[in-house]
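K.L.:
Handing you this structure, nothing more for now.
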Amino acid sequence: MTASSFASPFSLPTIAPLDPALRDELQHVIDTRTKPPGSLGRLEALARQMGMIQRTTRPSIERPVMIVFAGDHGIATEGVSPYPQAVTMQMVANFLAGGAAINALSKVAGLTLEVVNAGVASPLLPSAELVDIPVAAGTRNFAHEPAMTREQVLAALAAGAARVRHHAALGTNVIGFGEMGIANTSAAACLMSRLCNVPIDDCVGRGTGLDNAGLARKRNVLAAALAKHAAVREPLDVLATFGGFEIAMMTGAYLAAAEARMTIVVDGFIASSALLVADALAPAVRDYCVFAHASNEAGHRRMLDHFGASPLLALDLRLGEGTGAALAVPLLRAAVAFINEMASFESAGVADRDS
């Protein structure tokens with residue numbers, strides 16, 4: 001499967017590059033605020049990026065959203081996680097009940113939270129709060145066969161894009177993505193290894209808390225799986241072989257969000273693995289991304305290096321769910337506030353250094 005395989009129900013979105021002409025105009029606005037040039041550090045670059053994304057010198061944050069995609073992985077049967085697969089379903093129920101970390105942090109950040117069943121293996125109780133669009137009840141075991149069929153991966157990409165377009169129609173211009181899926185660090189590690197051409201031992205971490213013996217087993221299982229599928233190299237093939245329904249939906253969501261000129265707040269290891277695929281398909285997506293944090297999961301910093309990214313936060317997080325992205329949203333709010341609300345030297349009657 002190659003990029004030319006895109007067909008109904010999914011078409012590769014057209015992502016416009018950012019307009020470099022606006023960069024100087026935004027920089028002038030930033031530099032004439034009542035402060036020494038550059039004194040707000042990374043906030044200044046963040047405000048400039050958001051202005052370029054939105055094509056305005058007065059960027060805003062409108063109806064920010066966090067979408068958490070949930071799905072199960074067949075590779076879990078190989079003992080790569082210390083938790084049983086049923087935890088995915090149980091945590092989705094916790095999200096819907098408002099009891100998870102992402103619920104609390106979304107409230108702090110002023111985010112609308114949406115939970116999507118992309119492909120959980122266990123039945124979920126009906127809920128008005130759940131977007132229930134599973135592609136299937138979990139992926140297949142990529143230790144033995146590709147995790148998804150071509151039709152399944154295209155359906156997942158289309159479903160993720162559709163969720164973003166739904167929110168774009170409601171006015172959302174800032175969005176983040178989280179995930180839940182036992183064994184999805186295994187999927188992410190294989191995606192990273194193949195797409196970044198990095199040895200699997202440099203990609204594999206303890207996930208939800210493996211001991212040394214469990215970590216060694218996980219490395220061996222994933223190394224064998226990569227060897228079994230050694231011929232798989234094209235981005236969509238890699239996604240179909242090693243990914244999960246939640247990762248594939250997130251990939252489609254990244255592409256649609258960039259097409260809609262949203263500022264995308266990128267979470268940790270799993271979310272970045274989905275971005276690896278989106279970036280391989282449409283490199284312009286990277287310009288729309290704000291990298292929220294450096295995860296404590298082994299391999300994430302190497303992913304950030306691949307993107308040439310400098311994360312906003314380094315809090316040793318490794319939970320997933322979109323928690324790191326949620327924590328970064330107040331910094332976006334601060335960037336928008338200073339460029340819009342600070343007086344200029346002229347309007348405040350304050351002499352600048354060149355006066």
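The values are calculated or read from the model by the stated rules, or taken from the named source; none is laboratory data. Just so it is clear, the structure is predicted and the values come from calculations on it, not from any experiment. When we count neighbours, we look across all protein chains shown, and the Cβ atoms used for this are built from the backbone with ideal geometry, even at glycine.
K.L.:
Are any of the residues in the range 153-166 buried (at least 22 other Cβ atoms within 10 Å of the Cβ), within 16 Å of the chain's Cα centre (by Cα), hydrophobic (A, V, I, L, M, F, W, C) and part of a strand (DSSP E or B)?
P.N.:
Checked against the condition, which is being buried (at least 22 other Cβ atoms within 10 Å of the Cβ), within 16 Å of the chain's Cα centre (by Cα), hydrophobic (A, V, I, L, M, F, W, C) and part of a strand (DSSP E or B), the range 153-166 yields no hits at all.
K.L.:
Take the conditions more than 22 Å from the chain's Cα centre (by Cα), of a type in the set (A, V, I, L, M, F, W, C) and crowded, with 16+ Cβ neighbours inside 10 Å and apply them to Ile15. Does it pass?
P.N.:
Against the criterion (more than 22 Å from the chain's Cα centre (by Cα), of a type in the set (A, V, I, L, M, F, W, C) and crowded, with 16+ Cβ neighbours inside 10 Å), Ile15 does not qualify.
K.L.:
Please go through the range 246-278 and give me each residue that is among the small types (Gly, Ala, Ser) and either at pLDDT below 95 or surrounded by fewer than 24 Cβ atoms within 10 Å (Cβ to Cβ) (or both), ordered by number.
P.N.:
Of everything in the range 246-278, just one residue is among the small types (Gly, Ala, Ser) and either at pLDDT below 95 or surrounded by fewer than 24 Cβ atoms within 10 Å (Cβ to Cβ) (or both), namely Ala260.
K.L.:
Additional query: Say whether the condition of being part of a loop (DSSP other than H, G, I, E, B) and within 30 Å of Pro146 (Cβ to Cβ) is met by at least one residue in the range 65-75.
P.N.:
yes
K.L.:
Kindly provide the set of residues from the range 109-130 that are more than 12 Å from Gly71 (Cα to Cα), aliphatic (A, V, I, L, M) and surrounded by 17 or more Cβ atoms within 10 Å (Cβ to Cβ), ordered by number.
P.N.:
Hits for the range 109-130 are Ala109, Leu111, Leu113, Leu130.
K.L.:
Something else: Would you point out the residue of the range 86-124, among those that are part of a strand (DSSP E or B) and among the small types (Gly, Ala, Ser), that is farthest from Gly322 (Cα to Cα)?
P.N.:
Among residues in the range 86-124 that are part of a strand (DSSP E or B) and among the small types (Gly, Ala, Ser), the one farthest from Gly322 (Cα to Cα) is Gly119.
K.L.:
Of Arg301, Arg333, which residue is touching a residue at least 12 places away in the same chain (Cβ under 8 Å) and among the basic types (Lys, Arg)?
P.N.:
It is Arg333.
K.L.:
With touching a residue at least 60 places away in the same chain (Cβ under 8 Å), assigned to a loop (DSSP other than H, G, I, E, B) and over 30 Å from Leu111 (Cβ atoms) as the only criterion, which of Leu210, Leu222 stands out?
P.N.:
Every option except Leu210 fails the conditions.
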